[in-house]
Each structure stands twice: as C-alpha cells, then as structure tokens.
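A.B. asks: Okay, handing you the structure first.
Computed from the coordinates by the stated procedures, all read-outs in this text should not be read as laboratory data. This is a predicted model, so every value here is computed, not measured. Backbone-built Cβ (ideal geometry, glycine too); neighbour counts: all protein chains shown.
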Amino acid sequence: MLKKLKYKIIPENWQHANSYLIQAEKNYLIDPSIDFDSGIAQDLDSIYATHFHFDHISQVDIWRKNTEAKFIMPENDQELLNDEIANCSTMFGQPRSFSSPDSFYNDEQIIEVEKDLFFKFYLLPGHSPGCSAILISYLHANEMKPFVLISGDVLFANSIGRTDLKGGDPLQMQESLKRLITIMKDLPMDLPVLPGHGPIFTIKDALTNNPYVRYFL
Ligand SMILES: [Zn+2]
C-alpha cells in the first residue's frame, strides 16, 4: 500500500507550461519545462511528457543530466521531436533539438511506476500526433482508485489545445475529444484534471462548463 501520494503544481509562465510533480515513494515529473534550479526535486525516478512541444519539455535534457531519471514520451511524437518548427522551439525563439528519450509509451499502455502506483496513457491526437492524457491511479485494498487525470494540451478548463501547429489536426482533435468524454464519464466526477495550461478543474467542471466538451455531449 502506498504510504503517501501527492501532486504538486508548478504553474506555467510565459515560457513554460504547467509542470506537475507526483510524489509517492519516488518522485515523477510530468512535462519537464520547469528549471532544474527550482529545487523542486533532486531525486526524480522518471520524467514523462504529455507531448513534445518546447513549452512542455524545454528543460528535459538538464533534468536528465542532473538526475538519474528516465525520460518517456509518446511514440507518435518521436518523428517530429527534433523538427525545430514542429517542436515549437523556433516559435519560442530558441530553436532546439533534444536527446533521444529512454523509451516511449503508446495508447492504453499502463506502467506500474512503483508498487501499487499506475500511469495509464491515452493517445488523443489533434494538438500533436502523440498528444496524450495520463490517468494516475493507485491500488488500495485490491481496488484501483483514480488519483488525477493529466490532460496535457488536449483539454483545458474552458477550452482545448490549438490544432493549427505542425502535426496538429482539427478532425483528429474532434475524435480525441469524443473519446476523452467517454473516458471521463467513467471516472469520479470530483477527480482533479491537471491541464497543460491554465487552472486545474474537475471532471464535473469539464462536462458542465467546457463548451468544446458540451458540443459532443
Ligand atoms: Zn502543446
């Protein structure tokens, strides 16, 4: 049984998206755009990206150099990872390529990151080819309990991710949204949703207030 499970929000600024630190026995960083010097965690086990855009992964190589953490990202973003236009680093005025991730995840893959703690990945393309949501759950008394849903740049509090960037596709985004709605309806209404940008919200908020979600209900 997990002794502790917490999440910490590192809110976005003009150069980086929201980053999230998941703290259990070990620490996991989601969307490594926060400076290593921030000191939020020295002992990372692994780093996950919801997708390959610069404002989500800009600091990943520095984190990897300074910690033993493995970096895992969606397989479908691999092809464009070092395209400086597609990865948005040019847009942010810092054209960049990145070193190869340690591994990739794919749709519906489940990783038990430590005993009783599970990350499940849902591939929801449209904002980028590999753009994903991550459902974090834990096992308690033989039951899987959802903890948080990380929605990346697929779903925000009252909006969705843009689809006009290289690798984006509005029709794919519509299909992804429909699928995400089905996924969310099976989750507790008060489950926190942690987006790539803007404030956190709940599943109920998304189903009640988000105009893009409501369009498909
Ligand atoms: Zn993005």
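A.B. asks: Tell me what the chain gives for mean residue ellipticity at 222 nm when only DSSP H runs of n ≥ 4 count, each as -39,500 (n - 2.57), the sum divided by the residue total, rounded to 500 deg cm²/dmol.
C.D. replies: Numbers: 5 runs with 39 residues, N = 217.
That comes out to -5000 deg cm²/dmol.
A.B. asks: While we're looking at this one, here's another question. Picking from Ile47, Ile34, Ile200, which is most flexible by a Gaussian network model of the chain using Cα springs under 10 Å?
C.D. replies: Ile200
A.B. asks: Separate question: Once amide H atoms are built 1.01 Å from N in the peptide plane, which residues 5 or more positions from Ser89, or in another chain, come under 5 Å H to H?
C.D. replies: Amide H neighbours of Ser89, under 5 Å, 5+ apart: Phe54, Arg96.
A.B. asks: Ok, one more. For the stretch 191-200, just list the computed ³J(HN,Hα) in residue order, Karplus coefficients 6.51, -1.76 and 1.60, θ = phi - 60°, integers in Hz, with x standing in for Gly and Pro.
C.D. replies: In residue order, the calculated couplings are 5, x, 10, 10, x, x, 9, x, x, 6 Hz.
A.B. asks: Let me ask something else about it. Step through the table entries Lys8/Lys120; Lys115/Lys145; Lys3/Lys65; Lys6/Lys166; Lys70/Lys120; Lys4/Lys145, compare each Cα-Cα distance with 24 Å, and write down the pairs that go over it.
C.D. replies: Too far apart for the 24 Å limit: Lys3/Lys65; Lys6/Lys166.
A.B. asks: Compute, for the chain, the length of the dipole vector about the Cα centre, with Cβ point charges of +1 (Lys, Arg) and -1 (Asp, Glu) only. Units Debye, rounded to 20.
C.D. replies: Values: 19 positive and 29 negative charges, 123 e Å.
For the chain, the charge dipole is close to 600 debye.
A.B. asks: Using a/c under 1.5 as the rounded threshold, could you call the chain rounded, prolate or oblate? The axes a ≥ b ≥ c are square roots of the C-alpha gyration tensor eigenvalues, and prolate needs a/b larger than b/c, oblate otherwise. Could the numbers behind the result be given before it?
C.D. replies: Numbers: a/c = 1.60, a/b = 1.04, b/c = 1.54.
It comes out oblate by the Cα gyration axes.
A.B. asks: Right, here's the next one. Starting with the highest mean, order 90-102, 109-121 by the number of other Cβ atoms within 10 Å, averaged over the residues of each peptide. Mind dumping the intermediate values first?
C.D. replies: Working: 90-102: 13.9, 109-121: 16.7.
Ranked by mean Cβ neighbours within 10 Å, highest first: 109-121, 90-102.
A.B. asks: Turning to a different aspect of this structure: Using per-residue counts of other Cβ atoms within 10 Å, averaged over each peptide, order 150-156, 63-69, 183-189 from highest down. Don't jump to the answer; show the numbers that get you there.
C.D. replies: Details: 150-156: 26.4, 63-69: 15.9, 183-189: 14.1.
Top of the packing list down: 150-156, 63-69, 183-189.
A.B. asks: Just going by the charge dipole of the chain, with Lys and Arg at +1 and Asp and Glu at -1 on Cβ, which of Pro125, Ala24, Gln172 is farthest out on the positive end?
C.D. replies: Ala24
A.B. asks: Output the antiparallel fraction of DSSP beta bridges having both residues in the chain, as a percent to the nearest 5.
C.D. replies: Numbers: 30 of 43 bridges.
If I count the DSSP bridges inside the chain, around 70 percent turn out antiparallel.
A.B. asks: Which residue fluctuates most in the GNM of the chain (Cα springs below 10 Å): Thr182, Thr202, Thr50?
C.D. replies: Thr182
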